[in-house]
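To keep things clear, I will list the structure first and then write my remarks on it.
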Amino acid sequence: MIDLEPLNNLYSGIIAENKIRALFPILHQEVNGKPLVYFDNAATTQKPIQVIEALKKYYEVDNSNIHRGAHTLASRATDYFEQTRNLVKEFINSPSSEEVIFTKGTTDSINLVASTFGRKFVKEGDEIIISTLEHHSNIVPWQMLCEEKGAILKIIPIHDNGELDLEAYKNLLSDKTKLVAVVHASNALGTINPVKEMIEQAHEFGAKFLLDGAQSTAHLDVNVQDLNCDFLAFSAHKVYGPTGVGILYGKRELLESMPPYQGGGEMIKEVTFAKTTYNDIPYKFEAGTPNIGDVIAFGEAIRFINQLGKPAIREHENQLLEHASERCANIKGFIPIGTAREKVSVLSFGINNIHPFDVGLMLDASGIAVRTGHHCTQPLMERFKIEGTVRASFAVYNTTEEVDRLVESLTKISKRKN
Amino acid sequence: MAGINSIQEEIISEFEILGDDKESTIYYIMELGDQLPEFPEEEKKEDNIIKGCQSKVWLTTTLDGGKVCFQADSNTDITKGLISLLIRVLSGKTTSEIINANLYFIEKIGMGNIIGSQRSNGLSAMIKQMKLFAIAYQAKINA
């Protein structure tokens, strides 16, 4: 394990940018002849060296299949694997580590709930509420479930600034509502939703609440007991961890009442050809050999965030977002998309008369990585009557100098048609 | 009018001047697109869209004295620039010249590196469609 203690000295009001950057090897390269500026963090964050080293060490030293192993490597791998579960438990303040399930990613976590909770508890005529802001991964599983069950999908509309219409939400809630599945922070616009209040309102009608934390867990304090959400789904790779690891938190009584997701090894207590009894949570939902190495490495990502502290991360990213929003507003033809009062560090925009793809290509040519397109939120794009946006999203290792380079390039790009 | 290969050579030498600088190359391609004659709005219909491109590309053709003329537009500037290169090489040529054309300039100017593999597939779709038009016209001429 890498000693992160020296990092504690880095925090002094704002995050000491250059020292943080030193921990991310990938950032130190040229792209198209220019120093890389990585502003595609909402798609995936880069990984600090301790995550990369942990993954390497796992395969060099500890690789073994976990649980039930009678040898030293197996028990070591199991310990490290379960240590990450415990770190996640603390990271989201879950009451217990058994309520933390490892999946492949946010999408897998949501599908797990749709396939188990949904299959067992959602009946014909029941209603599921989602919002206009949702990523396709929090739309399609519910559409599939509703189609199968004859249930009805209801959509919370948004205001022009990208905030949810909370009055409309209240009116959608009823005794028919079985589940509300809403994103904590929008991937396309950055809007932070007032989910604590929304969860309370859903509970008043006996509905369960699934919180999609894919875009919030790297930036905001996500405390499942305080929020009182019934499920939380998020991905390790958007939180400085490896790809291929997701988390599903669920309240114990719900998880225990839900049928298994997939059948196989690990998820059973006893198998006979006549009948199989299932394992306890969380293993009931973890059939097959999990992504051991990446889960273990994810532990290092959580330690990294804990060392910096979410408030420091958020303060730094907010400064970048403010700086970017202010400077970009002066670019001719700049059209911000999503101007909610509370946002994570996402700047979504268009440039008048220029297709987002062209903007992305020109930025890439100057070494700046952004995402362009519909961001897997086609209904949201339809709401704004646009094909897509350009999205710059900031992380803890980004700097104001990098934002200035973005502004400089956008100014040049905009001049082509404005 | 210059032959297909001499136009390709012209393009290759123009791109050589730009060298390895991706930014200037992309801006240059987009500027070429800006110079395409205006494409009528009413022709921007589903029937004229080339399938297989990520961007929307509309292509129409006319046959004039045995020569095929292409008009095109796209919703992205980079694609418009790329198709303007194809039009420069192929438009105003006979059907058999178009059908038999070997468009080596695309590889020579390193287009794959400039636009990425997905866009390169789109470019192939454009070329295929232009050749299909020429084949159809030739069949009509021979009928």
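The values are calculated or read from the model by the stated rules, or taken from the named source; none is laboratory data. Quick caveat: nothing in here was measured; it's all calculated off a predicted structure. So basically every Cβ, Gly included, is an ideal-geometry build from the backbone, and we count neighbours across all protein chains shown.
A few remarks follow.
- Residue check, B:Ser120 modelled with pLDDT under 90, more than 18 Å from B:Gly3 (Cα to Cα) and within 14 Å of another protein chain (Cβ to nearest Cβ): yes
- Among the conditions (1) within 21 Å of A:Ile413 (Cβ to Cβ); (2) surrounded by 19 or more Cβ atoms within 10 Å (Cβ to Cβ); (3) free of Cβ contacts under 8 Å to residues at least 60 places away in the same chain, the only one that B:Gln35 does not satisfy is (2).
- Within the stretch A:196-221, the set of residues being in contact with a Leu (Cβ under 7 Å, 6 or more places away or on another chain) and assigned to a loop (DSSP other than H, G, I, E, B) comprises A:Phe205, A:Ala207, A:Gly213.
- Failed item in (1) within 14 Å of chain A (Cβ to nearest Cβ); (2) in contact (Cβ under 8 Å) with a residue 24 or more places away in the chain; (3) touching a helix residue (DSSP H, G or I) at 6+ places or on another chain (Cβ under 7 Å); (4) over 15 Å from B:Met111 (Cα atoms), with B:Thr76 passing the rest: (2)
- Any pair with Cβ under 6 angstrom, 6 or more apart, that starts in the stretch B:9-31 at a residue that is more than 7 Å from chain A (Cβ to nearest Cβ) and ends at one that is among the polar types (S, T, N, Q) and surrounded by fewer than 17 Cβ atoms within 10 Å (Cβ to Cβ): B:Leu18/B:Ser24
- Test: A:Val407 is in a helix (DSSP H, G or I), more than 20 Å from the chain's Cα centre (by Cα), more than 11 Å from chain B (Cβ to nearest Cβ) and surrounded by fewer than 22 Cβ atoms within 10 Å (Cβ to Cβ): yes
- Against the numbered list (1) part of a loop (DSSP other than H, G, I, E, B); (2) surrounded by 15 or more Cβ atoms within 10 Å (Cβ to Cβ); (3) among the hydroxyl-bearing types (Ser, Thr, Tyr), A:Tyr249 comes up short only at (1).
- Only one of the listed residues (A:Glu266, A:Glu270) is at pLDDT below 95 and in a strand (DSSP E or B). That residue is A:Glu270.
- Failed criterion for A:Val195 (all others in (1) buried (at least 24 other Cβ atoms within 10 Å of the Cβ); (2) in contact with a Ser or Thr (Cβ under 8 Å, 6 or more places away or on another chain) hold): (2)
- Test: residue in the stretch B:130-142 that is closer than 30 Å to B:Glu23 by Cβ and surrounded by 15 or more Cβ atoms within 10 Å (Cβ to Cβ): yes
- Once the stretch A:390-402 is narrowed to residues that are aliphatic (A, V, I, L, M) and part of a loop (DSSP other than H, G, I, E, B), the residue that is nearest to the other protein chains (Cβ to nearest Cβ) is A:Ala395.
- The helices (runs of 4 or more DSSP H) found wholly in the stretch A:9-104 and carrying at least 3 residues that are more than 14 Å from chain B (Cβ to nearest Cβ), in contact with a helix residue (DSSP H, G or I) (Cβ under 8 Å, 6 or more places away or on another chain) and polar (S, T, N, Q) occupy A:72-92.
- Candidate set from the stretch A:279-298 (those that are farther than 19 Å from A:Ala233 by Cβ and among the small types (Gly, Ala, Ser)); member that is modelled with the lowest pLDDT: A:Gly288
- As for the stretch B:90-102, it holds no residue that is surrounded by fewer than 19 Cβ atoms within 10 Å (Cβ to Cβ) and within 14 Å of chain A (Cβ to nearest Cβ).
- Condition check for A:His323: surrounded by fewer than 22 Cβ atoms within 10 Å (Cβ to Cβ) and touching a residue at least 60 places away in the same chain (Cβ under 8 Å): yes
- Set A:Gly333, A:Gly373, A:Gly360: member being of a type outside the set (A, V, I, L, M) and modelled with pLDDT under 95: A:Gly373
- Any hit, the stretch B:60-75, residues being assigned to a helix (DSSP H, G or I) and surrounded by 19 or more Cβ atoms within 10 Å (Cβ to Cβ): no
- Test: B:Lys131 is among the charged types (D, E, K, R), at pLDDT 95 or above and over 21 Å from B:Ile49 (Cα atoms): no
- Count of residues meeting criterion [at the interface with chain B (Cβ under 9 Å from one of its Cβ atoms) and among the β-branched types (Val, Ile, Thr)] in the stretch A:341-379: 1
- Qualifying residues in the stretch A:380-389 (those that are in contact with a helix residue (DSSP H, G or I) (Cβ under 8 Å, 6 or more places away or on another chain) and not acidic (Asp, Glu)) - the one nearest to the other protein chains (Cβ to nearest Cβ): A:Gly388
- Note on the stretch A:109-129: residues that are under 21 Å from the mean Cα position of the chain (by Cα), crowded, with 20+ Cβ neighbours inside 10 Å and not hydrophobic (A, V, I, L, M, F, W, C) amount to 2.
- Test for A:Ala54: is it of a type outside the set (S, T, N, Q), modelled with pLDDT of 95 or more and over 25 Å from A:Val346 (Cβ atoms): yes
- Any chance A:Lys310 is charged (D, E, K, R) and either free of Cβ contacts under 8 Å to residues at least 12 places away in the same chain or in contact with a helix residue (DSSP H, G or I) (Cβ under 8 Å, 6 or more places away or on another chain) (or both): no
- The single condition from (1) surrounded by fewer than 24 Cβ atoms within 10 Å (Cβ to Cβ); (2) not in a strand (DSSP E or B) that A:Gly241 fails is (1).
- Residue within the stretch A:379-387 that is among the β-branched types (Val, Ile, Thr) and crowded, with 23+ Cβ neighbours inside 10 Å present: no
- Extreme residue, nearest to A:Ala202 (Cα to Cα), among residues of the stretch A:143-168 that are buried (at least 18 other Cβ atoms within 10 Å of the Cβ) and touching a Gly at 6+ places or on another chain (Cβ under 8 Å): A:Ala151
- Yes/no for A:Asp280 being touching a residue at least 12 places away in the same chain (Cβ under 8 Å) and part of a helix (DSSP H, G or I): no
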